[in-house]
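Coordinate-derived values only; no laboratory data. Keep in mind the model is a prediction, meaning the values are calculated, not measured. Note that we place each Cβ from the backbone using ideal geometry, even for glycine, and neighbour counts take in every protein chain shown.
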Amino acid sequence: MPSGSEVVRLSAWVHGWVQGVGFRWWTRARALELGLQGHATNARDGRVHVVAEGPRNACERLLGLLRSGDTPGRVDLVVESWDAARGDLTGFEER
């Protein structure tokens, strides 16, 4: 299987001015366009935690969009980690 179609789980902590600006809604819309499952969740410290599962190339595209400068609010830093997909997500939720 080509590495771009390997199913993975992306966990991305998004730092900056990303709460109260439509960031989770925007992330959900982009993730659904890419065919990903997961969620975007506000953290108590002001970050947004994005978890997405799907083909690696689609997850990498979402990560690029998060870092693009074209998001609502302002993204200062995105810290990502990669894991094997767990298959326990359906749809894409704002939490």
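Scanning the range 44-71 for residues that are assigned to a strand (DSSP E or B) and β-branched (Val, Ile, Thr) returns 48, 50, 51. The numbered conditions (1) within 13 Å of the chain's Cα centre (by Cα); (2) assigned to a loop (DSSP other than H, G, I, E, B); (3) polar (S, T, N, Q); (4) surrounded by 13 or more Cβ atoms within 10 Å (Cβ to Cβ) are all true for residue 41 except (2). Number of residues in the range 1-27 that are of a type in the set (Lys, Arg) and farther than 18 Å from residue 88 by Cβ equals 1.
With the condition kept exactly as written, say whether any residue in the range 27-35 is touching a strand residue (DSSP E or B) at 6+ places or on another chain (Cβ under 8 Å) and assigned to a strand (DSSP E or B). No, the conditions are met nowhere in the range 27-35. Residue 58 meets each of the listed conditions (1) surrounded by fewer than 16 Cβ atoms within 10 Å (Cβ to Cβ); (2) without any contact (Cβ under 8 Å) to a residue 40 or more places away in the chain; (3) not polar (S, T, N, Q) apart from (1).
When 40, 52 are checked against the criterion of being out of contact with any Gly (no Cβ under 7 Å at 6 or more places or on another chain) and at negative phi, a single residue qualifies: 40. For the range 11-18, the criterion of being surrounded by 18 or more Cβ atoms within 10 Å (Cβ to Cβ), in contact with a helix residue (DSSP H, G or I) (Cβ under 8 Å, 6 or more places away or on another chain) and not in a loop (DSSP other than H, G, I, E, B) is met by at least one residue. Only one entry of 84, 52 meets the criterion of being touching a residue at least 40 places away in the same chain (Cβ under 8 Å), hydrophobic (A, V, I, L, M, F, W, C), over 15 Å from residue 18 (Cα atoms) and surrounded by 15 or more Cβ atoms within 10 Å (Cβ to Cβ), and that entry is 52.
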